[in-house]
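The values are calculated or read from the model by the stated rules, or taken from the named source; none is laboratory data. Everything quoted here is computed from the prediction, not taken from an experiment. With ideal geometry, Cβ positions are generated from the backbone for all residues, glycine too; neighbour counts draw on all protein chains shown. These accessible areas exclude ligands, DNA and RNA; they are computed on the full protein's heavy atoms, side chains included. Shrake-Rupley method; radii C 1.70, N 1.55, O 1.52, S 1.80 Å.
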Amino acid sequence: MTIPTRILFVGATGSIGRLAIDEALRQGYHVRALVRDAAQAGLPDEVELAVGDLTRLETFETALDGIDGIVFTQGSHASAAMVEAVDYGAVRNALLALHGRKVRIALMTAIGVTYMDSQYNRTIEAHDWKRRSERLVRASGNEYTIVRPGWFDYNDDDQLRITFLQGDTRRNASPEDGVVARRQIARVLIDALGCDEAANTTLELVAEHGAEQEDLKPLFAALERDPSDGIDGVLDEDNFPLSAQPERVLDDFKAVELVR
Ligand SMILES: NC(=O)c1ccc[n+]([C@@H]2O[C@H](COP(=O)([O-])OP(=O)(O)OC[C@H]3O[C@@H](n4cnc5c(N)ncnc54)[C@H](OP(=O)(O)O)[C@@H]3O)[C@@H](O)[C@H]2O)c1
């Protein structure tokens, strides 16, 4: 694996994106942030801004120039259409704009993402679109780490031991599924970029009682890697058949696989 040096942050102005940028700067990466409005971005001076609209493919044609890593933390709650355009659409657009050039990817989705929105009786479809974005990343042939965090900042004071799970079996849709500090999510996303052992893995991220580890490499090394010919996480339940996906999603898969 080649360790990236120039990272594009998508969702840069969000609660996780800002912390991930701080961590990336601390670790010595060159940071470019995709933002809608430079005047409102409020990011550190060292950050290079790329102004654009993540729902548009053209934005990424320029934002990705010279970039060899991408961290995705964007998200919308506005409507099912916006979740599709933002959570999924930004990943799709970035992958297509790469035209087959390979980058290292860290994608944040959510714990419980493989439990379909129809099972939760939800209409916003956030899980289903996030899961489709995961699948596009796996299909793209880029090296990636997919991080599915538990509930943000619900940790007890002594609950800092970073823990990786696989199989996405916690499905209460409440903090019972696991909690993790926003700062820890940012750390895991950035540590993954520079860690060979993290390549092509999918993990749920929670914190258990105990101290935070100095080095996350042993945790990444203990993970099972995703199969190179699959589109789901290695231990994910097979409950989201391709045959049931919208035609436009299947077209995106074909387009991403074509430039693989
Ligand atoms: N809260 C939890 O416990 C929890 C647990 C697991 C996973 N998650 C997932 O984490 C995500 C939230 O992360 P967060 O707290 O960092 O989010 P956030 O603070 O709401 O930030 C969202 C980012 O996405 C961008 N964005 C949203 N809509 C956009 C649009 N229409 N066009 C362009 N950019 C847009 C925002 O840009 P602007 O600043 O320009 O708006 C911002 O950079 C959600 O998707 C959620 O499902 C949450």
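Looking at 132, 182, just one residue is in contact with a helix residue (DSSP H, G or I) (Cβ under 6 Å, 6 or more places away or on another chain), under 26 Å from residue 217 (Cβ atoms) and at pLDDT 95 or above, and that residue is 182. Against the definition (touching a residue at least 24 places away in the same chain (Cβ under 8 Å) and of a type outside the set (A, V, I, L, M, F, W, C)), how does residue 104 come out, yes or no? Answer is yes for this residue. Considering only the range 138-158, how many residues are open to solvent by less than 20 Å² (accessible area, probe 1.4 Å) and outside any loop (DSSP other than H, G, I, E, B)? The total comes to 8.
Checking each residue in the range 40-80 for being more than 10 Å from the ligand (Cβ to nearest atom) and part of a helix (DSSP H, G or I) picks out 57, 58, 60, 61, 62, 63, 80. In the range 1-39, of all residues being within 15 Å of the ligand (Cβ to nearest atom) and assigned to a loop (DSSP other than H, G, I, E, B), the one that is surrounded by the fewest Cβ atoms within 10 Å (Cβ to Cβ) corresponds to 37.
A count restricted to the range 104-137 and to residues that are open to solvent by less than 10 Å² (accessible area, probe 1.4 Å) and in a helix (DSSP H, G or I) stands at 8.
For the range 81-134, which residues satisfy the criterion of being more than 26 Å from residue 174 (Cα to Cα) and touching a Gly at 6+ places or on another chain (Cβ under 9 Å)? Matches in the range 81-134: 90, 100, 102, 103, 104, 105. Where residues in the range 208-260 are among the small types (Gly, Ala, Ser) and either modelled with pLDDT under 95 or closer than 27 Å to residue 99 by Cα (or both), which of them is least open to solvent (accessible area, probe 1.4 Å)? Filtering the range 208-260 for residues that are among the small types (Gly, Ala, Ser) and either modelled with pLDDT under 95 or closer than 27 Å to residue 99 by Cα (or both), the one least open to solvent (accessible area, probe 1.4 Å) comes out as 233.
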